[in-house]
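**Q** Can you read through this structure? Questions will come right after.
The values are calculated or read from the model by the stated rules, or taken from the named source; none is laboratory data. The structure presented is a predicted model; accordingly, all values stated were derived computationally and were not measured. Ideal geometry is used to build each Cβ from the backbone, glycine not excepted, and the neighbour counts take in all protein chains shown. What goes into the accessible areas is simple: the full protein's heavy atoms, side chains included, and nothing from ligands, DNA or RNA. Shrake-Rupley method; radii C 1.70, N 1.55, O 1.52, S 1.80 Å.
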Amino acid sequence: MPYSRPTARLFLAATLSLTGLVAAQAAAVSDEDKAFIAKVSQGGMYEVELGKLAEDKGARQDIKDQGNTEAHDHGLVGDKLKSIATGAGLPLPDTLNTEFQGRLDRMKGLSGAAFDSAYVKDMKAIHDADGAAFAKEAKAGTNPDLKAFAGETHRIVQRHLGELGAKTN
């Protein structure tokens, strides 16, 4: 049954109003906040995928265990980031960009002690980079939800760095 004209107009007005609200929410997030989201979403997805790879390819049990921790923790962090981004009307990528896919592909080609050593080195590097981004966002971000998220997640990244530091290359 077709809508009556008043119902159709009301539906159109509600849709336009909702569209405007989503646009306003996205506009409330600064360009720096958007860059933060883009950066850490890629890093987080990479850490999940590399963690899963370490569970499978790690030669040492501590590398396998660390991979499990990384995949679990960064999966939860990614879900929270997605919730915040969606709430702000921002899209979040669901695939790795070319840089991170290349890094993952390179790691897939390694095995044994070479994998373990490269895994620890790469995870330290990504945690250093993301840790700095989380610290900066926690201090200077403009979106209160992102600031709180960054502060909470920075502590997780610091814990992971401590765990990785205990691993020998």
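**Q** For the stretch 48-121, run through the chymotrypsin sites (Phe, Trp or Tyr not before Pro) and keep only the ones in DSSP coil with at most 12 other Cβ atoms within 10 Å of their Cβ.
**A** Nothing satisfies the criteria.
**Q** Counting only heavy atoms of protein chains, what accessible area per residue, in Å², does the stretch 100-157 have with a probe of 1.4 Å?
**A** 46 Å²
**Q** Continuing with the same structure: For ASP145, ASP62, ASP130, give me the order by solvent-accessible area with a 1.4 Å probe, most accessible first, ignoring ligands, DNA and RNA.
**A** So the residues, ranked largest to smallest area, are ASP145, ASP62, ASP130.
**Q** Follow-up. How much solvent-accessible surface does LYS34 expose, in Å² to the nearest 10, with a 1.4 Å probe and all protein chains in place?
**A** The accessible area comes out at roughly 80 Å².
**Q** Could I ask something else about it? Which entries in the list LYS82/LYS124; LYS57/LYS147; LYS64/LYS121; LYS34/LYS139 go over 26 Å, if you measure between the two C-alpha atoms of each?
**A** Result: LYS57/LYS147 exceed 26 Å.
**Q** Which order do MET123, MET45 take by accessible area at a 1.4 Å probe, largest first?
**A** Sorted by accessible area, descending: MET45, MET123.
**Q** Would you check the accessible area of VAL77, probe 1.4 Å, heavy atoms only, in square angstrom rounded to 10?
**A** Solvent-accessible area, nearest 10 Å²: 20 Å².
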